[in-house]
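Read through the structure below, which is laid out as structure tokens, and then see the notes.
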Amino acid sequence: MSEKLEAVLSKEPQRGVQYGITIIIILILLASSMPALGGADITAKGFEMGRNILGGILTPDTSLLFGLGDSGVAYLILQTIAIAFLGTLVGAIIAVPLSFISATNIVPRPVVIITRFIIMAIRTVPSLVYGLMFIRVTGPGPFAGVMTLAIVSIGMISKLFIETIEDLDSGILESLDAFGSTLFQKIRYGILPQLGTDFISILVYRFDMNLREATILGLVGAGGIGAPMIFALSAYHWHQVGAILIGLFILVFVVEILSDKLRQKILHG
């Protein structure tokens, strides 16, 4: 028995050299990254600031946290959810047709190269840069946040949609080609029935991400709960900061649970 085991193990590929090279590369990258930590200079004032922030979280402004007006945390959270939802929806509406004309099993390669270049260009620009550009064009407010999230969502949703489309059962598409089906008919009868659940799961995941993006965009004036938080931070109103952070934590916690349950329900029934 031991001889057979040794014979089987002897046939296994020897990966010691590969593992050694991988470890060396990781150590080199780690060593080259260490200087990035050299700029950290935490002073006594920094520790005091940290204590103030922690104190604000532990003793939040209850009038802001439980207020029902347009300056209350509840209203700001609803505005953030609305921005994230509309941004995801608009981005998906644009991403779906863009994905179909970027899949190699649907359209010719020259068209794929052009559309994928467009998607890559969209993904290159950070969301904060888009936010600042839209604020200059439309002015600060929720609309700038919606348009920013829509553009940012196009890049990621398109990329995931393309991967899903290219993993389709090619036999169905070949059968439709044999019947002389048009591109629209191939999408309608051969692709959409296979992709419905995957598409919805991707959109739920992107919406989850957009909630966090909407908060960050609020810091530059693109609406949502981020704008009041940056004002409170600038004015050292730590109790207001604590109230807003608690609201954000509750929002992210609830959405995380709901989105996970929804994705599991979609994927597994």
Positive dipole terminus of the chain, leading residue within ILE114, ILE165, GLN185 (C-beta point charges) = ILE114
ask   = Rounded to the nearest 10 Å², what accessible area does ASP61 show when all protein chains are kept and the probe is 1.4 Å?
value = 40
ask   = With every protein chain left in place, what is the accessible area per residue of the chain in square angstrom, probe 1.4 Å?
value = 61
ask   = Relative to the longest principal axis of the chain, what angle (0 to 90°, nearest 10) does the C-alpha long axis of helix 142-166 take?
value = 20
inquiry  = At R0 = 45 Å, how high is the FRET efficiency between GLN185 and TYR75 if r is their beta carbon distance? Nearest 0.05 is fine.
reply    = 0.45
ask   = Any idea how far the Cα center of the stretch 56-95 sits from the one of the stretch 138-159, in Å?
value = 16
request  = Report the label-to-label distance for GLU166 and GLU256 in nanometres (one decimal), using points 7 Å from each Cα along the Cα→Cβ vector.
outcome  = 3.2
inquiry  = So for the chain, considering every pair of alpha-carbon atoms, how many percent are separated by more than 31 Å?
reply    = 51
task = Kindly express, to the nearest 10 degrees and within the range 0 to 90, the angle between helix 16-33's C-alpha long axis and the longest C-alpha principal axis of the chain.
result = 30
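The values are calculated or read from the model by the stated rules, or taken from the named source; none is laboratory data. Please read all numbers here as calculations on a predicted model, not as lab measurements. Here the Cβ is made from the backbone with ideal geometry for all residues, glycine too, and neighbour counts use every protein chain on show. These accessible areas exclude ligands, DNA and RNA; they are computed on the full protein's heavy atoms, side chains included. Shrake-Rupley method; radii C 1.70, N 1.55, O 1.52, S 1.80 Å.
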